[in-house]
Amino acid sequence: MKQQVFIVGAGASGLAAAIQAARQGASVTVLEHTAKPGKKLLSTGNGKCNLTNRMTPDGAYRGGQQEFIKKVLDHITVEQTLEFFQDLGLVLTDRNGYVYPNTGQAVSVLEALLFELNHLGVSIITDCQVEEIRKDLTLMTSKGKKKADAIILAAGSMAAPKTGSDGSGYQLARALGHRIIKPLPALVQLKCREKWYKQAAGVRTEASVTLKIDGKTAAEDRGELQFTDYGISGIPVFQVSRFAAGGIDAGRQVTAELDLLPSMDFNSTRQLLSERATRFRYRPAEEFLNGVLNHKLARILLKEAGIPEKGFVKDITTLQIKKLASALKGLKTEIIATNSFDQAQVCSGGIDTRDVDPNTMESKLMNGLYLAGEILDVDGICGGYNLQWAWSCGILAGTSAGKAVLRGRNEERNDQN
């Protein structure tokens, strides 16, 4: 009889783990508490599925122990991940390092995984809630008791609960003695205190976002900034949001400075404004920033600099020019909250990686239990990094669990002989 590997969660890491465990010769069953596997995977990259990224800048992965993250990613590299998917029949396309399926459809990735699982004889049981994992590797589920030789817990985080990430995996891990770093929303929009956001809602502009906690820079990023009626959104906001969430949770003051002319320094900005003040002195003041900023933002910036809209450009003082340059290069805003887990793409926090072996993904607290994916205290920036993490630790966990149970079966046979 084949050794039994049960995988809790049919997300990206769980499905990759299932393939690898089955390839080692184990009998594999995936338990998924929603009606369909891979629901969150279908929504990644706006439905286009940014599988991974060939570039890994400093700070691409946050949380956890950096040495742990490095070891896992060294075991299963980006190139090995690309080979894994090419072997499944996916043609991939590279867009400046960002790797997508050539179809431009996340469903192609899910189908490739499911076709291989079917070929390998892996069972996927849906609508199956895992209620308890016991230390003898028994799973108590809504569809009866299951006895395993190895278990891979890949149940996801609390981000995007509509896709099935409800945080239930944390409770299963905690009950087995694992420490949980408090999960908080990450890659998420930020809510701000100022009332002028309702005026700016809908505006998109290139900007640099510098996040500060108690006045000290915690993170910064540049890209297309989006203004909403409650605050700020867009890729640069997502990239710094996990630090905002941590600061707010700790009760610290969290602010952001928005550089709305990131391609120019302060002196160049002030010079630009001074030249405009001379050239367009006949214009109404409300038109001073026409051609520089979206008109909605222009009105807010003029007010910040104390420039009355009803006056004329010729009336703008040198001090007001300096204040306007300061506002353009560092519009200050107070962050009061993140959006909820419903809007978050991933979480910061999760299972403490100090309790996991980075060479195998096996728990240091319980033999035969492996952990993979977003349930761990590891989160990446936008750009395919969170999926790469899912693939790397899923492939590693599945390979390790499959080999371990096969080794156990062979040792059992040797004992019988």
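Restricting to the range 60-97, name every residue that is aromatic (Phe, Trp, Tyr) and in contact (Cβ under 8 Å) with a residue 60 or more places away in the chain. Outline the logic, then answer.
Keep residues of the range 60-97 that are aromatic (Phe, Trp, Tyr), which gives 61, 68, 84-85.
Across the range 60-97, the qualifying residues are Tyr61, Phe68, Phe84.
Could you grab me the full set of residues in the range 341-354 that are surrounded by fewer than 19 Cβ atoms within 10 Å (Cβ to Cβ) and not polar (S, T, N, Q)?
Residues satisfying the conditions are Asp342, Asp352, Arg354.
For the range 137-152, what are the residues that are part of a strand (DSSP E or B) and open to solvent by 50 Å² or more (accessible area, probe 1.4 Å)? Full working, then the answer.
Of the residues in the range 137-152, the ones part of a strand (DSSP E or B) are 138-141, 144-147, 150-152.
Within the range 137-152, Lys145, Lys147 qualify.
Could you please find all residues in the range 215-231 being touching a residue at least 24 places away in the same chain (Cβ under 8 Å) and either small (Gly, Ala, Ser) or out of contact with any helix residue (DSSP H, G or I) (no Cβ under 8 Å at 6 or more places or on another chain) (or both)?
Passing the criteria: Gly215, Ala218, Ala219, Gly231.
Being over 22 Å from Arg54 (Cα atoms) and surrounded by 20 or more Cβ atoms within 10 Å (Cβ to Cβ), is that true of even one residue in the range 378-395?
Taking the range 378-395 and keeping what is over 22 Å from Arg54 (Cα atoms), we get none.
Looking for residues that are over 22 Å from Arg54 (Cα atoms) and surrounded by 20 or more Cβ atoms within 10 Å (Cβ to Cβ), one finds none in the range 378-395, hence no.
Could you list all residues from the range 98-122 that are open to solvent by 30 Å² or more (accessible area, probe 1.4 Å) and touching a residue at least 40 places away in the same chain (Cβ under 8 Å)?
Looking only at the range 98-122, we keep the residues that are open to solvent by 30 Å² or more (accessible area, probe 1.4 Å), and these are 98, 100, 102-103, 105, 107, 111, 114-116, 118-121.
Passing the criteria: Tyr98, Tyr100, Gln105, Val107, Leu114, Glu116, Leu120, Gly121.
If a residue has to be of a type in the set (A, V, I, L, M, F, W, C) and outside any loop (DSSP other than H, G, I, E, B) to count, how many in the range 183-193 make the cut?
Quick first cut of the range 183-193, residues of a type in the set (A, V, I, L, M, F, W, C) only: 184, 186-188, 190, 192.
Filter once more, keeping what is outside any loop (DSSP other than H, G, I, E, B): 184, 186, 190, 192.
Residues in the range 183-193 being of a type in the set (A, V, I, L, M, F, W, C) and outside any loop (DSSP other than H, G, I, E, B): 4 in total.
Rundown of residues vs (1) open to solvent by 10 Å² or more (accessible area, probe 1.4 Å); (2) of a type in the set (A, V, I, L, M); (3) in a helix (DSSP H, G or I), yes/no style:
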{"site": "Gln171", "(1), (2), (3)": "yes, no, yes"}
{"site": "Gly177", "(1), (2), (3)": "yes, no, no"}
{"site": "Ile181", "(1), (2), (3)": "yes, yes, no"}
{"site": "Lys195", "(1), (2), (3)": "yes, no, no"}
{"site": "Lys198", "(1), (2), (3)": "yes, no, yes"}
{"site": "Gly202", "(1), (2), (3)": "yes, no, no"}
{"site": "Ala218", "(1), (2), (3)": "yes, yes, no"}
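What number of residues within the range 220-249 satisfy the criterion of being under 24 Å from Lys303 (Cα atoms), of a type in the set (Phe, Trp, Tyr) and open to solvent by less than 60 Å² (accessible area, probe 1.4 Å)?
Adding up the residues that qualify gives 1.
Criterion first (buried (at least 17 other Cβ atoms within 10 Å of the Cβ), more than 30 Å from Gly45 (Cβ to Cβ) and among the β-branched types (Val, Ile, Thr)) does Ile335 satisfy it? Working first, answer last.
On the way: buried (at least 17 other Cβ atoms within 10 Å of the Cβ): yes; more than 30 Å from Gly45 (Cβ to Cβ): no; among the β-branched types (Val, Ile, Thr): yes.
Here the answer is no, as Ile335 does not meet what is asked.
Give the range 72-97 a look and list any residue that's among the hydrophobic types (A, V, I, L, M, F, W, C) and open to solvent by 90 Å² or more (accessible area, probe 1.4 Å), or say none.
The initial filter retains those residues of the range 72-97 that are among the hydrophobic types (A, V, I, L, M, F, W, C), namely 72-73, 76, 78, 82, 84-85, 88, 90-92.
Val91 - this is the single residue of the range 72-97 that is among the hydrophobic types (A, V, I, L, M, F, W, C) and open to solvent by 90 Å² or more (accessible area, probe 1.4 Å).
Within the range 133-141, can one find any residue that is within 26 Å of the chain's Cα centre (by Cα) and either over 15 Å from Ile19 (Cβ atoms) or in contact (Cβ under 8 Å) with a residue 12 or more places away in the chain (or both)? Please lay out each step first, then the result.
First pass over the range 133-141, keeping only residues within 26 Å of the chain's Cα centre (by Cα): none.
Looking for residues that are within 26 Å of the chain's Cα centre (by Cα) and either over 15 Å from Ile19 (Cβ atoms) or in contact (Cβ under 8 Å) with a residue 12 or more places away in the chain (or both), one finds none in the range 133-141, hence no.
The values are calculated or read from the model by the stated rules, or taken from the named source; none is laboratory data. It should be emphasised that the depicted structure is a prediction, and the values quoted were computed from it without experimental measurement. No Cβ is skipped: glycine too gets one built from the backbone with ideal geometry, and neighbour counts run over all protein chains shown. Note: areas computed on protein heavy atoms with side chains; ligands, DNA, RNA excluded. Shrake-Rupley method; radii C 1.70, N 1.55, O 1.52, S 1.80 Å.
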